[in-house]
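The values are calculated or read from the model by the stated rules, or taken from the named source; none is laboratory data. Keep in mind that this is a model prediction, so the values were computed, not measured. A quick note on method: Cβ atoms are made from the backbone with ideal geometry, for glycine too, and the neighbour counts reach across all protein chains shown. Note: accessible area is taken over every heavy atom of the protein model, side chains too, but ligands, DNA and RNA are not part of it. Shrake-Rupley method; radii C 1.70, N 1.55, O 1.52, S 1.80 Å.
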Amino acid sequence: MALVEIRDVYKSFQRDTQRIDVFTGLTLDIDAGSFTALMGPSGSGKSTLLNLIAGLDKPTRGTVRVGGEAVSEMSASQLAAWRARHIGFVFQSFNLLPVLTAYQNVELPLLLTRLSGKERNERVKIALDVVGLADRADHYPRQLSGGQEQRTAIARAIVADPTVMLLDEPTGQLDAKSSQEVLALLQRLNSEFTKTIIIVTHDAHAAERAKMVLHLEKGDLIEKPRATAAAMR
Amino acid sequence: MKYFRLVLANLGRHRLRTVLTILSVALALFLFASLRSVTTTLAATAQFGGARRLVTTNATGLVFPLPLAYGNRIKALPGVTGLSWANWFGGKYGDGKRFFANFAVDAESYLKIYPEIVLPADQRDAFLKDRTGALIGKRLLSQFGWKLGQNVTLQGTIFPGDWTFTVDGVYTPTDPAIGDDVLIFHHDYFDERIGRAGIAGWYIVEIDDVSHAPAVAKSIDDLFRNSSSPTKTGTEREFQATFATMWGNVSFLMSTIGLAVVFAILLVTANAMMMSARERTGEIAVLKTIGFSDRLLFALVMVEAGVMALTGAVLGLGGAKLFYPAINFNGLGFLPGFTVAPSTLIIGALVAIGLMLASGLAPALRAARLPIVQALRHVE
């Protein structure tokens with residue numbers, strides 16, 4: 001059974017008097033342990049799809065299931081608790097809290113759990129170690145480079161061991177070297193830690209790191225999911 | 001507790017703004033406590049007065065004296081067990097910048113009728129025997145650095161000339177409303193210096209039974225109804241209340257100013273909180289994405305407002321409570337026993353809680369209701 005099941009999803013927005021239909025009956029499955037890249041031009045619905053999977057937004061019609069749970073049916077408070085347990089989200093512009101250190105930023109999702117301070121400390125250290133920033137724990141975001149900020153954001157996304165990681169253009173604001181570091185890290189998380197990863201990207205090189213690429217255009221999948229070279233390795 | 005670090009981190013985001021907001025809350029509550037304490041002190045003074053003491057003044061007004069000859073006629077009335085009299089002197093000491101009340105009294109009867117004025121027996125005897133002696137409240141001793149036995153010269157304002165008295169005794173009032181910064185001296189000496197005018201500012205009449213107060217007051221006033229100086233007699237409490245009434249409009253004004261100040265600060269605080277929440281629109285959306293619930297974010301913003309309001313309250317109310325006793329404040333003698341009452345502290349704390357609710361509610365609701373996707377669109 002697929003980890004993410006999207007069934008006959010419609011999504012439309014109202015802008016002034018105009019109704020914009022993003023999805024008109026989208027159906028899609030994403031397997032557990034996969035590394036999927038969502039590609040497509042601006043306005044094709046990539047980020048909207050990511051938001052629907054994360055439970056940040058609701059479909060106008062249809063169902064979104066993740067790990068067997070109907071995300072689209074949940075209330076706001078149920079969604080908050082569900083996201084805390086199952087979703088690790090990474091933004092294009094990192095979105096670390098500037099008043100917190102890297103350590104404190106990574107610890108944020110764990111504050112929502114029942115873990116003790118000691119357990120949280122252990123988990124944060126592991127997460128920072130995985131992304132290679134154990135020595136930057138006490139640095140504030142302004143003291144980190146863009147690549148380091150994004151790796152901190154990834155540590156924040158993985159620290160609570162979520163069911164699925166969702167990344168919205170994670171290399172969009174990074175230079176080539178940092179992009180490669182981040183993508184290598186994502187590949188490692190997928191292969192070594194079997195994390196299910198869904199990444200929205202415009203970058204063909206980034207997409208090549210994924211095992212599966214989905215092309216969206218005007219809310220439709222314009223070709224069948226395509227396995228990449230990374231999937232062959 | 002694990003979220004408190006987040007609250008503190010947010011408060012530390014704009015330290016200067018946070019400090020200024022807390023200080024404005026503190027200042028508002030300090031002013032509130034100060035202005036309300038004027039009102040409560042006046043009210044407490046108005047409550048002062050022995051139940052068995054009446055005060056007789058000139059019916060025309062307090063500034064007009066009564067003939068000293070009235071004393072014996074009042075004393076002869078049924079129900080009257082004691083009598084004393086006093087006269088406002090209004091002298092100033094030194095440059096006169098530090099005002100204190102001073103008046104001439106019929107010493108022996110006055111001390112008898114006011115057991116609230118407590119002083120050592122030897123000092124009492126020394127004062128009674130010394131025609132140019134004076135009794136002073138203990139505050140004057142520390143305020144001017146006077147010593148027992150020292151000569152003190154007052155410049156008369158109503159009754160001109162230099163008036164030199166010997167400090168024969170220092171009293172401690174058992175009732176704060178009586179004031180511990182008053183100088184009293186012998187009426188006999190006063191009368192002699194002004195040429196035996198034979199005047200008394202007011203009479204203090206002790207009666208045998210509280211229930212006889214209206215009847216005795218009426219018989220005193222009836223006695224002088226057709227004289228050149230008709231009298232007005234009431235209980236001492238009523239007499240004190242007339243002073244308080246003179247301050248009545250001031251009290252109202254002060255209460256109004258106090259409330260206006262608190263309201264103005266409320267707007268400042270609410271504005272600071274709103275600004276702070278608005279600046280963090282993106283961060284709140286990120287926290288929601290991570291899994292922070294609407295309720296939790298609402299609580300965090302409210303706690304932030306609470307920390308600022310309550311810190312301000314502790315500084316403002318605590319400051320007022322400690323400051324006035326430290327400087328021995330008594331409103332230049334017009335507010336004897338000035339104190340920040342517990343009721344003022346309680347109301348101040350409630351105002352602080354109100355401030356917290358009013359200033360935190362709007363940004364907290366905004367944070368809780370923030371649509372994530374829309375908010376993220378602003379930051380992404």
Inset, instruction - Say whether the condition of being more than 20 Å from the chain's Cα centre (by Cα), closer than 20 Å to B:Ala270 by Cβ, open to solvent by 20 Å² or more (accessible area, probe 1.4 Å) and touching a residue at least 60 places away in the same chain (Cβ under 8 Å) is met by at least one residue in the stretch B:287-298. - result: yes
Legend entry - Total residues in the stretch A:156-184, condition within 14 Å of chain B (Cβ to nearest Cβ) and hydrophobic (A, V, I, L, M, F, W, C): 8
Inset, instruction - From B:Arg36, B:Arg5, B:Arg13, B:Arg17, grab the single residue that is at pLDDT 85 or above and open to solvent by 70 Å² or more (accessible area, probe 1.4 Å). - result: B:Arg5
Legend entry - Residue count, the stretch B:318-372 (criterion: within 27 Å of B:Phe144 (Cα to Cα) and of a type outside the set (S, T, N, Q)): 19
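Could you list, in sequence order, all residues of the stretch A:171-209 that are open to solvent by 30 Å² or more (accessible area, probe 1.4 Å) and outside any helix (DSSP H, G or I)? So that I can check it myself, show each step before the final result.
Just the residues of the stretch A:171-209 that are open to solvent by 30 Å² or more (accessible area, probe 1.4 Å), to begin with: A:172-173, A:175-177, A:180-181, A:184, A:187-188, A:191-194, A:202-205, A:208-209.
Across the stretch A:171-209, the qualifying residues are A:Gly172, A:Gln173, A:Asp175, A:Phe193, A:Thr194, A:His202, A:Asp203.
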Legend entry - For A:Thr101: the one exception among (1) more than 13 Å from chain B (Cβ to nearest Cβ); (2) more than 20 Å from the chain's Cα centre (by Cα): (1)
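So which residues in the stretch B:6-15 are facing chain A (nearest Cβ under 7 Å) and not aliphatic (A, V, I, L, M), if there are any at all?
Matches in the stretch B:6-15: B:Asn10, B:Gly12, B:Arg13.
Would you confirm, using the coordinates I've provided, whether B:Arg295 is within 12 Å of chain A (Cβ to nearest Cβ) and within 13 Å of B:Leu361 (Cα to Cα)? Give the derivation first.
Values: within 12 Å of chain A (Cβ to nearest Cβ): yes; within 13 Å of B:Leu361 (Cα to Cα): yes.
Yes; evaluated as a whole, the condition is true for this residue.
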Inset, instruction - Please tell me if B:Ala134 is of a type outside the set (Val, Ile, Thr), assigned by TED's automatic domain parsing to the domain that holds B:Tyr93 and open to solvent by 20 Å² or more (accessible area, probe 1.4 Å). - result: no
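Checking the condition within 21 Å of B:Pro173 (Cα to Cα), part of a helix (DSSP H, G or I) and not hydroxyl-bearing (Ser, Thr, Tyr), which residue from B:Leu42, B:Leu83, B:Leu135 passes? I'd like the intermediate steps shown before the answer.
Working: B:Leu83 fails: part of a helix (DSSP H, G or I); B:Leu135 fails: part of a helix (DSSP H, G or I).
Of B:Leu42, B:Leu83, B:Leu135, the one residue that is within 21 Å of B:Pro173 (Cα to Cα), part of a helix (DSSP H, G or I) and not hydroxyl-bearing (Ser, Thr, Tyr) is B:Leu42.
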Legend entry - Single residue of A:Leu79, A:Leu52 found to be within 14 Å of chain B (Cβ to nearest Cβ), out of contact with any Cys (no Cβ under 7 Å at 6 or more places or on another chain), touching a residue at least 40 places away in the same chain (Cβ under 8 Å) and in a helix (DSSP H, G or I): A:Leu52
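How about the stretch B:335-354: which of its residues are open to solvent by 80 Å² or more (accessible area, probe 1.4 Å) and touching a residue at least 60 places away in the same chain (Cβ under 8 Å)?
Step one: of the stretch B:335-354, the residues open to solvent by 80 Å² or more (accessible area, probe 1.4 Å) are B:342, B:346, B:350.
Answer for the stretch B:335-354, where residues must be open to solvent by 80 Å² or more (accessible area, probe 1.4 Å) and touching a residue at least 60 places away in the same chain (Cβ under 8 Å): there is none.
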Legend entry - In the stretch B:190-212, residue farthest from the chain's Cα centre (by Cα) [restricted to those that are open to solvent by less than 20 Å² (accessible area, probe 1.4 Å) and aromatic (Phe, Trp, Tyr)]: B:Phe190
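Do we find a residue being within 14 Å of chain A (Cβ to nearest Cβ) and in contact with a helix residue (DSSP H, G or I) (Cβ under 9 Å, 6 or more places away or on another chain) anywhere in the stretch B:304-320?
First, the residues of the stretch B:304-320 that are within 14 Å of chain A (Cβ to nearest Cβ): B:304.
Imposing the further condition that a residue be in contact with a helix residue (DSSP H, G or I) (Cβ under 9 Å, 6 or more places away or on another chain) reduces the set to B:304.
Yes; the residues of the stretch B:304-320 include at least one that is within 14 Å of chain A (Cβ to nearest Cβ) and in contact with a helix residue (DSSP H, G or I) (Cβ under 9 Å, 6 or more places away or on another chain).
Okay, residues lined up against (1) surrounded by fewer than 24 Cβ atoms within 10 Å (Cβ to Cβ); (2) among the hydroxyl-bearing types (Ser, Thr, Tyr); (3) part of a loop (DSSP other than H, G, I, E, B); (4) within 13 Å of chain B (Cβ to nearest Cβ):
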{"position": "A:Pro59", "(1), (2), (3), (4)": "yes, no, yes, yes"}
{"position": "A:Ala84", "(1), (2), (3), (4)": "yes, no, no, yes"}
{"position": "A:Phe89", "(1), (2), (3), (4)": "no, no, no, yes"}
{"position": "A:Ser93", "(1), (2), (3), (4)": "yes, yes, yes, yes"}
{"position": "A:Pro109", "(1), (2), (3), (4)": "no, no, no, yes"}
{"position": "A:Ile126", "(1), (2), (3), (4)": "yes, no, no, no"}
{"position": "A:His139", "(1), (2), (3), (4)": "yes, no, yes, no"}
{"position": "A:Arg142", "(1), (2), (3), (4)": "yes, no, no, yes"}
{"position": "A:Ile154", "(1), (2), (3), (4)": "no, no, no, no"}
Inset, instruction - Given the conditions (1) within 29 Å of B:Glu236 (Cα to Cα); (2) surrounded by 20 or more Cβ atoms within 10 Å (Cβ to Cβ); (3) not assigned by TED's automatic domain parsing to the domain that holds B:Ala197, report the number of the one that B:Asp106 does not fulfil. - result: (3)
Legend entry - Residue match in the stretch B:68-75 (condition: in a loop (DSSP other than H, G, I, E, B), open to solvent by less than 30 Å² (accessible area, probe 1.4 Å), in contact with a Leu (Cβ under 8 Å, 6 or more places away or on another chain) and not β-branched (Val, Ile, Thr)): no
Legend entry - Residue list for the stretch A:111-124, filter: open to solvent by less than 40 Å² (accessible area, probe 1.4 Å), among the hydrophobic types (A, V, I, L, M, F, W, C) and at the interface with another protein chain (Cβ under 9 Å from one of its Cβ atoms): A:Leu111
Legend entry - Lone unmet requirement of (1) assigned to a helix (DSSP H, G or I); (2) surrounded by 22 or more Cβ atoms within 10 Å (Cβ to Cβ) for B:Leu365: (2)
Legend entry - Residue satisfying condition, being surrounded by 23 or more Cβ atoms within 10 Å (Cβ to Cβ) and at negative phi, within set A:Leu52, A:Leu28, A:Leu3, A:Leu100: A:Leu52
